[in-house]
1. Of the residues 92, 131, which is assigned to a helix (DSSP H, G or I), crowded, with 24+ Cβ neighbours inside 10 Å and over 14 Å from the mean Cα position of the chain (by Cα)?
2. Taking region 165-200 on its own, how many of its residues are within 11 Å of the ligand (Cβ to nearest atom) and either surrounded by 24 or more Cβ atoms within 10 Å (Cβ to Cβ) or on the phi > 0 side of the Ramachandran plot (or both)?
3. Residues of region 344-394 being under 21 Å from the mean Cα position of the chain (by Cα) and surrounded by fewer than 21 Cβ atoms within 10 Å (Cβ to Cβ), which ones?
4. Going by what's in this entry, would residue 138 be described as buried (at least 18 other Cβ atoms within 10 Å of the Cβ), under 24 Å from the mean Cα position of the chain (by Cα) and within 15 Å of the ligand (Cβ to nearest atom)?
5. Which is surrounded by 15 or more Cβ atoms within 10 Å (Cβ to Cβ) and either outside the structural domain of residue 359 (by TED's automatic domain parsing) or in contact with a strand residue (DSSP E or B) (Cβ under 8 Å, 6 or more places away or on another chain) (or both), of 27, 60, 41?
6. Output the residues belonging to region 326-342 that are away from the ligand (no atom under 12 Å from the Cβ) and either surrounded by fewer than 24 Cβ atoms within 10 Å (Cβ to Cβ) or closer than 23 Å to residue 196 by Cβ (or both).
7. Can residue 114 be described as out of contact with any strand residue (DSSP E or B) (no Cβ under 8 Å at 6 or more places or on another chain) and either surrounded by fewer than 20 Cβ atoms within 10 Å (Cβ to Cβ) or modelled with pLDDT of 95 or more (or both)?
8. Please tell me if residue 289 is touching a residue at least 24 places away in the same chain (Cβ under 8 Å) and not in a loop (DSSP other than H, G, I, E, B).
Ligand code: NAD
């Protein structure tokens, strides 16, 4: 069950150690803390699926191993992604579910934490097979009442996306005819299947907003030897999937320089900067970054973690920064796009080197924040902005006309357009996300600065999260 990481502790044990460290700064009843820390429900399943080998076309029945873990029901529904990976195991899913509880608390999303995983190498299977596996997994969740808009709401994670979420909603709806809120059973769906605009980019955009907020604080930047702002900062990104690509995109758009990227088979490096879209075009045409002509290609993808840069964004999998490679890491900021990229041993070394680690449970919370907006859209059965966009535009137009009439001047056309526009769904989603990430960063930083003994932002984030979860038990009178 346990997956050993570099320090001899499993991923879930590492999360528990972070939790225990944070409780030194809190004074809740030990029973309450034990309840918050525990994984409430663990559903391990095995089911047979007719699989088709992608290369040979041969068909056979395979028994698939899968999990769904609900870490906490202090608020319902539970929420968390579904991962497709050959490394999925119970311990990993438990760790990721626990992180979801704390993540939701930090960004004030009213959900308990959950996570799911199917232990498969999706590259091996045809699309038809992946659809059968996803639909059967959903059916298993339905059978045990582990999915539903008020029970547990999955979302995309490593190896899954809009397509898989759309298969899930279609299966759920087929089993729940007439359930008016059925589309709220999963988030990260495609737009025609009840998704929300901005969800695809949300985690990466949230990573950008979170780091931008960190980089705007002169006092904190001075401590790590950086100037404020994103422009001109050198970034390195591990993993060009959903989180990595969109994070890189928003940083580059803000003027950052992409000096390294890593994918599963190699790393690309160029200290002068690289063109992200050109790299993505090469990746989609060739199926790999190998032989990319406009950068140095290094066969070891881990090299991108050690490159000379200001901000390192691990956005692939957990336990990639360890005691072994941490001494060679040169970045001043680690922006944890992935869940659990640093082991505690790796983190200790980085903290001694005065590196600012902006922790996963805050930084990649943009995905669940916008999933919350999608769920609200599904429950309200109306697109954000539909009722008031035109009204706002008409009112703004009257206001602008008045300004022009009173001043006798005509406003510049671009500015006029901006002043007159009403917000559509994507504007509202992005604005809600930006506000959430800024507020959450300031809350975490407040805890960090308030306790002089807290040396790192992760401990502060755990303190904030545990405090919020605990108060939801105590204010309800469930706990003394
Ligand atoms: P994804 O499947 O879209 O992309 C992951 C990418 O990483 C793939 O392109 C893969 O080839 C690459 N990769 C795998 N191993 C690698 C290695 N050793 N070196 C370099 N690249 C490697 O997955 P994702 O959704 O972007 O998730 C990435 C991480 O972010 C995971 O830890 C996930 O839990 C976390 N996360 C995802 C979301 C989300 O909304 N998708 C939200 C929060 C956190």
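1. Working: 131 fails: crowded, with 24+ Cβ neighbours inside 10 Å.
When all the criteria are applied, what remains is 92.
2. 4
3. 344, 376
4. Details: buried (at least 18 other Cβ atoms within 10 Å of the Cβ): yes; under 24 Å from the mean Cα position of the chain (by Cα): yes; within 15 Å of the ligand (Cβ to nearest atom): no.
Here the answer is no, as residue 138 does not meet what is asked.
5. Numbers: 27 fails: surrounded by 15 or more Cβ atoms within 10 Å (Cβ to Cβ); 60 fails: surrounded by 15 or more Cβ atoms within 10 Å (Cβ to Cβ).
Checking each option against the conditions leaves just 41.
6. 327, 328, 329, 330, 332, 333
7. Considered against the rule, which asks whether it is out of contact with any strand residue (DSSP E or B) (no Cβ under 8 Å at 6 or more places or on another chain) and either surrounded by fewer than 20 Cβ atoms within 10 Å (Cβ to Cβ) or modelled with pLDDT of 95 or more (or both), residue 114 comes out as no.
8. No: the conditions fail for residue 289.
The values are calculated or read from the model by the stated rules, or taken from the named source; none is laboratory data. These figures come from a predicted structure and were not determined experimentally. Quick reminder, even Gly has a Cβ in these numbers, built from the backbone with ideal geometry, and neighbours come from all protein chains shown.
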